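Here's the structure, in C-alpha cells; my notes come after.
The values are calculated or read from the model by the stated rules, or taken from the named source; none is laboratory data. The structure presented is a predicted model; accordingly, all values stated were derived computationally and were not measured. Don't worry about glycine lacking a Cβ; one is built from the backbone with ideal geometry, like all the others, and counts go over all protein chains shown.
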C-alpha cells in the first residue's frame with residue numbers, strides 16, 4: 001500500500017506518519033519516505049529547495065524499492081503533495097509496483113498551520129505559505145477524481161493552548 005499525505009506545512013503530516021509507523025500492528029512494517037530528510041542528506045539542509053529534482057528522484061526510487069520489499073506493509077510518502085503532478089507521480093509508482101493507494105488529506109485550519117509553522121526551527125516563508133494555501137484549495141477540488149484507492153480526510157486533534 002502506498003499512502004501519500006496532502007497538507008500544508010504545519011498540518012501534522014510528519015507527526016501522523018511517524019505515529020502510524022510506530023503504532024502499526026500489522027504483520028509487516030511501515031516505511032516513511034520524507035523528501036525533507038532527503039534534502040538534508042543531499043543538500044545539507046532540509047529547507048534547501050535548489051536540488052528538488054534530484055531529491056524527488058531519490059524519494060521516488062526509495063518508495064519503489066520499499067514497496068517491492070518483502071515484509072513492508074505500506075510506504076507513507078510524507079510531503080505536501082499539493083500539485084496534481086506530485087500526486088500523479090505517486091499514483092504511477094503504485095501502478096508500476098501493483099499496490100493499492102490511499103491519500104491522507106490533513107485538514108487543519110490555515111491559521112493553525114501558520115501558527116505551527118511560525119513555531120518551527122525551519123519556517124516556510126509567508127509568500128510561500130500563501131501560494132501553498134491556493135494549491136491546497138485547488139487540490140481539494142480534484143483529488144477524488146484522481147484515481148486514489150481511498151481518500152481519507154484527517155482532522156487532527158484539537159489544539160491545546162500554546163500549540
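Checking the stretch 73-91 against the condition returns a match, with at least one residue being at pLDDT 95 or above, over 17 Å from residue 33 (Cα atoms) and surrounded by fewer than 14 Cβ atoms within 10 Å (Cβ to Cβ). Can you confirm whether residue 44 is surrounded by fewer than 17 Cβ atoms within 10 Å (Cβ to Cβ) and over 25 Å from residue 146 (Cα atoms)? Judged against the criteria, residue 44 is a match. Looking across 133, 96, 126, one residue alone is farther than 15 Å from residue 150 by Cβ and at pLDDT below 90. It is 126.
For the stretch 140-159, the candidate set comprises residues that are more than 15 Å from the chain's Cα centre (by Cα), part of a loop (DSSP other than H, G, I, E, B) and at pLDDT 90 or above; within that set, the residue that is farthest from residue 94 (Cα to Cα) is 146. Residue under question is residue 113, and the condition is that it be at pLDDT 90 or above and surrounded by 12 or more Cβ atoms within 10 Å (Cβ to Cβ); does it hold? Taking the combined requirement at face value, the residue does not satisfy it.
Residue count for the stretch 1-28, restricted to those that are over 21 Å from residue 70 (Cα atoms), in a loop (DSSP other than H, G, I, E, B) and either free of Cβ contacts under 8 Å to residues at least 60 places away in the same chain or under 11 Å from the mean Cα position of the chain (by Cα) (or both): 5. Of all residue pairs spaced 6 or more apart or on separate chains, those with beta-carbon atoms under 9 Å, a first member in the stretch 79-98 that is on the phi > 0 side of the Ramachandran plot and in contact (Cβ under 8 Å) with a residue 12 or more places away in the chain and a second member that is surrounded by 12 or more Cβ atoms within 10 Å (Cβ to Cβ) and not in a helix (DSSP H, G or I) are 81/4; 81/5; 81/6; 81/7; 81/103. Of everything listed in (1) over 24 Å from residue 10 (Cβ atoms); (2) in contact (Cβ under 8 Å) with a residue 12 or more places away in the chain; (3) surrounded by fewer than 17 Cβ atoms within 10 Å (Cβ to Cβ), the single unmet condition for residue 66 is (3).
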